[in-house]
1. Could you sort GLU33, GLU163 by accessible area so the largest value comes first, with the probe set to 1.4 Å?
2. For region 34-94, which whole percent of the accessible surface, found with a 1.4 angstrom probe, sits on carbon and sulfur atoms?
3. Which value, in Å², gives the accessible area per residue of region 105-150 when a 1.4 Å probe is used on the protein heavy atoms?
4. Counting only DSSP beta bridges with both residues in region 29-166, tell me the antiparallel percent, nearest 5.
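The values are calculated or read from the model by the stated rules, or taken from the named source; none is laboratory data. Since the structure is predicted, the reported quantities are computational estimates derived from the model, not experimental observations. The area values use the complete protein model at the heavy-atom level, side chains included, leaving out ligands, DNA and RNA. Shrake-Rupley method; radii C 1.70, N 1.55, O 1.52, S 1.80 Å.
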Amino acid sequence: MSVDQQHLSLSSRIPPSRAPRPRQTRVPAPAAEYVHTRLLKQTRRAAATLSRLGVRPGERVGVLLPMCPESVVTTMACGRMDALRVTLPWDGSALLLREAVQRSGAGVLVVADTGVRAGRRYAAKRTLDRALADCPNVRSVLVVHQSGGPVPWTPGRDQWWHEALATLKA
């Protein structure tokens, strides 16, 4: 009996309950889909918005976003204008977030109103507001709408992402 025949004969003796099953993966449907032209258009608008908020080449932009199209757009906009994207921690602690914002030196932040972390809803904007109590360098916060719940707001500093981008022609 050849080695191949031995392998076949052994595998045929495995009971069906123990036989390896093909792995089925479920890919979640995206919340939003961007075609290439829409992605570029949003990137141009985001870069113009960041520039209007005073972001210059070499300056840092703090980002507290889940995996979403706005995160990609922010990254591309920073690259387009030679700004540095700094990812802020999603750990849930206002103290750690405050330290990260202070270390980054970012004057403009992009944050989701909420996010999901470990299967639980995380109030990112609320946590960020507590963290910004000792961060006088932050002059603007762009808030990406992710949920329908109430969002704490600081007039003059906070702006909705979609409204800020909509005011510009790409």
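1. Putting GLU33, GLU163 in descending order of accessible area: GLU33, GLU163.
2. Numbers: 1670 of 2950 Å².
For region 34-94, the apolar C and S fraction of the accessible surface comes to 57 percent.
3. With all protein chains present, region 105-150 gives 46 Å² per residue.
4. 15 percent
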